[in-house]
1. If Asp181 meets every condition in (1) surrounded by 14 or more Cβ atoms within 10 Å (Cβ to Cβ); (2) farther than 25 Å from Leu96 by Cα; (3) not aliphatic (A, V, I, L, M) apart from one, which number is that one?
2. It is to be established whether one or more residues within segment 210-231 are small (Gly, Ala, Ser), touching a Cys at 6+ places or on another chain (Cβ under 9 Å) and surrounded by 16 or more Cβ atoms within 10 Å (Cβ to Cβ).
3. Scan segment 96-112 for residues that are part of a loop (DSSP other than H, G, I, E, B) and crowded, with 22+ Cβ neighbours inside 10 Å and jot them down.
4. Yes or no: segment 230-247 includes at least one residue that is at pLDDT below 85 and outside the structural domain of Lys158 (by TED's automatic domain parsing).
5. Looking at Ser84, Ser115, Ser88, Ser164, which one is polar (S, T, N, Q) and either buried (at least 19 other Cβ atoms within 10 Å of the Cβ) or within 16 Å of the chain's Cα centre (by Cα) (or both)?
6. Which ones in segment 245-273 are aliphatic (A, V, I, L, M) and loosely packed, with under 14 Cβ neighbours inside 10 Å?
7. Does Leu178 satisfy being outside the structural domain of Cys236 (by TED's automatic domain parsing) and in contact with a His (Cβ under 8 Å, 6 or more places away or on another chain)?
8. What is the residue count in segment 269-293 for residues that are modelled with pLDDT of 90 or more and assigned to a loop (DSSP other than H, G, I, E, B)?
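The values are calculated or read from the model by the stated rules, or taken from the named source; none is laboratory data. Quantities reported herein were computed from a predicted structural model and do not represent experimental measurements. Counting neighbours? That spans all protein chains shown, and the Cβs are built from the backbone with ideal geometry, glycine included.
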Amino acid sequence: MYFFKDELLTENIMQDEITDEVSRNFDYNFDGKTKFKIPRMEMPKDSFNIGLIVGHSGSGKSTLLKRFGTEIKPDWKESKSIVSHFASAEDAQNKLFAVGLNSIPTWFRPYNVLSTGEKYRADLARQLSDNCVVDEFTSVVDRSVAKSCSTAISKYIKENDLKSIVFASCHKDIIEWLQPDWVYDTLSQTYLARGSLCRPEIKIQVLPCGESAWTVFRDHHYLTGNLNKSAKHWICLWGSDIVGFTSTLSMPSGTIKNAYRGHRTVVLPDYQGLGIGVRISDAVGEMHIKNNQRYFSKTTHPKMGNYRNKSPLWRATSKNMIARKDATGNNRWKIREVFSYSHEYIGKQNNKCEV
């Protein structure tokens, strides 16, 4: 096994009147040199996807991280939307989804108007590659964003088999959400975990609500902000936190009786990437079939659509994954093909499925 050897860093610092006075005030013997001992760390001997170095500020985690590579900070142009900074449309979609930045309207905004959490995720999306290193991971965002971002980025890295990505963070609460292959603690100078970790269970409450709740969510939906007056609405809670909204409509048909369809489903940006959106749609579908109603839903969102394609809870309709002609632009002059997913919720039945 190979170890980073114990190493003592020494830096020469210019002494002046201020350093002299402050050192005297605190009876601190400052001779113009500052010394710092780098924690001893055993290098991972096997290949890995995700590594995590944790420790309090000043404990040496950033110094250790540099042994794995140099962090690259992306540049952003104010005149361009964040989605235009990627190699292709596909690359942009995949990587923005990967960091849980799933709010489509946000993609078309310039970087300088984003919130702190959105900027952090956008930076991460452009950093994602083999052998990248990320310092202060989730340090500047609240803990809800930290959990969702860790979950989304972990899925992307492992699904695409990216190699040797190392994060450094002062927070240990992300460990079970990021699910790294190894975790090294600079304080104890030991590995806290190696191998598989279990992600915590997420329990969502879906409660009936009025149309007024939509005001919290309307700006985060990629379609029009308007609701149909006849829609039924639900608000979604994770513990005491409001995280999502969904609504459904009656679906009049000459051949299908007592049927409903999805109208709007939105998860607030701080909670995107945790799979809450699909849980909400499953829960509402279950409510309808328990009331002896059929439930259908159509979406152009690839994450939602691909989930339903794979889920035993949903059955594809004859319209699934068929492109349709759609008009776009203020004057509706441009015709484009829109690729959509169409499914009917069939429920658990004899299937065993965790939601």
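1. (2)
2. Restricting attention to segment 210-231, the residues satisfying the condition of being small (Gly, Ala, Ser) are 210, 212-213, 225, 230-231.
Within this subset, residues satisfying the condition of being touching a Cys at 6+ places or on another chain (Cβ under 9 Å) are none.
So far as segment 210-231 goes, no, none of its residues is small (Gly, Ala, Ser), touching a Cys at 6+ places or on another chain (Cβ under 9 Å) and surrounded by 16 or more Cβ atoms within 10 Å (Cβ to Cβ).
3. Just the residues of segment 96-112 that are part of a loop (DSSP other than H, G, I, E, B), to begin with: 99-103, 108-109.
Passing the criteria: Val99, Gly100, Leu101, Asn102.
4. Our first condition is that a residue be at pLDDT below 85; within segment 230-247, this holds for none.
Scanning segment 230-247 turns up no residue that is at pLDDT below 85 and outside the structural domain of Lys158 (by TED's automatic domain parsing).
5. Numbers: Ser84 fails: either buried (at least 19 other Cβ atoms within 10 Å of the Cβ) or within 16 Å of the chain's Cα centre (by Cα) (or both); Ser88 fails: either buried (at least 19 other Cβ atoms within 10 Å of the Cβ) or within 16 Å of the chain's Cα centre (by Cα) (or both); Ser164 fails: either buried (at least 19 other Cβ atoms within 10 Å of the Cβ) or within 16 Å of the chain's Cα centre (by Cα) (or both).
Going through Ser84, Ser115, Ser88, Ser164 in turn, just one is polar (S, T, N, Q) and either buried (at least 19 other Cβ atoms within 10 Å of the Cβ) or within 16 Å of the chain's Cα centre (by Cα) (or both): Ser115.
6. So the first thing to find is which residues in segment 245-273 are aliphatic (A, V, I, L, M), and the list is 249, 251, 256, 259, 266-268.
Within segment 245-273, Ile256 is the sole residue that qualifies.
7. On the way: outside the structural domain of Cys236 (by TED's automatic domain parsing): yes; in contact with a His (Cβ under 8 Å, 6 or more places away or on another chain): no.
It is false that Leu178 is outside the structural domain of Cys236 (by TED's automatic domain parsing) and in contact with a His (Cβ under 8 Å, 6 or more places away or on another chain).
8. Of all residues in segment 269-293, those modelled with pLDDT of 90 or more come to 276-293.
From what's left, assigned to a loop (DSSP other than H, G, I, E, B): 291-293.
Of the residues in segment 269-293, 3 are modelled with pLDDT of 90 or more and assigned to a loop (DSSP other than H, G, I, E, B).
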